[in-house]
Amino acid sequence: MHGLTQKPFYVLMKIILATSAALLPILFLGKPVLAEGGKPSGNEKAPTVNSAAQIVEHYNTDIQVKVKNDGEQITVDATFTVPVLPQQAWAVLTDFDNIPNFISSIQSSKVIDRSGNSVHVAQNGIEKYGFLTISLESVRKVNLSPFKKIQEYMISGSMRKMEETTQLLPEGNHTRIIYHADIVPGAWIIRLAGSAFIESEARKQFQEIVNEIIRRKRLIITSG
């Protein structure tokens, strides 16, 4: 019984923390979102999650995640570095249409509207547990400040509130990614939330993003 009560929240948090997320809080079939007049960093084709796992050699990054739950709002803070310039990290973080190819929890993700550096993104996730199928949806507005900041606000979906901010800070030849999210889900979900559990799921999603960033960097190196 204990396992069954945690599973709905497990699915929800996987949708919430899908970078940009992201992580997180990603645009048209592999083409990164650009500032008006900007230049793309490359046209890489995103692979399936399995092929990415085979290609990417694990990057030993320290993904720091902190979770707070005051009984009403869940706050997630994370920071980690990737061995690329901000423009290359940005290309992955804003590749919304291809999120399902490298974030294992997302069923579909699509840009449904774009105006300058503002986009609307619709996402769906599905999980099955025996005879139980759980489907979660969200539509969010994403404000872009290339290649520095991504801000996301939920317009409609399963949560009462979801606001995310992802910052990209250059550190030599690396980029530090700083993520913050404020989430207010339904009251019944709050009672089931465990900070350690949410932290583990968030770290897993950020690692998938790191893997994709490194995979694309390797493609650029080998093709050059």
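Read the figures in this text as sums done on the coordinates, not as results from a lab. All figures in this text were calculated on a predicted structure; none of them were measured in a lab. For neighbour counting, all protein chains shown are included, and Cβ atoms are generated from backbone atoms with ideal geometry for every residue, glycine included.
Odds and ends about this structure:
- Listed peptides 110-121, 81-92 appear in the order 81-92, 110-121 once ranked by packing, highest mean of other Cβ atoms within 10 Å at the front.
- Long pairs among Lys68/Lys161; Lys141/Lys217; Lys66/Lys110; Lys68/Lys110; Lys68/Lys204; Lys68/Lys149, criterion Cα-Cα beyond 26 Å: Lys141/Lys217; Lys66/Lys110; Lys68/Lys110
- In this structure the amide hydrogen of Lys148, modeled in the peptide plane, comes within under 5 Å of no amide hydrogen from residues 5 or more places off or on another chain.
- Peptide ranges 142-153, 202-213 listed from the most packed, as the mean C-beta count within 10 angstrom indicates: 202-213, 142-153
- Working note: Karplus 6.51/-1.76/1.60 with θ = phi - 60° gives region 146-158 the couplings x, 10, 10, 8, 10, 10, 10, 9, 6, 8, 8, x, 7 Hz, where Gly and Pro are set to x.
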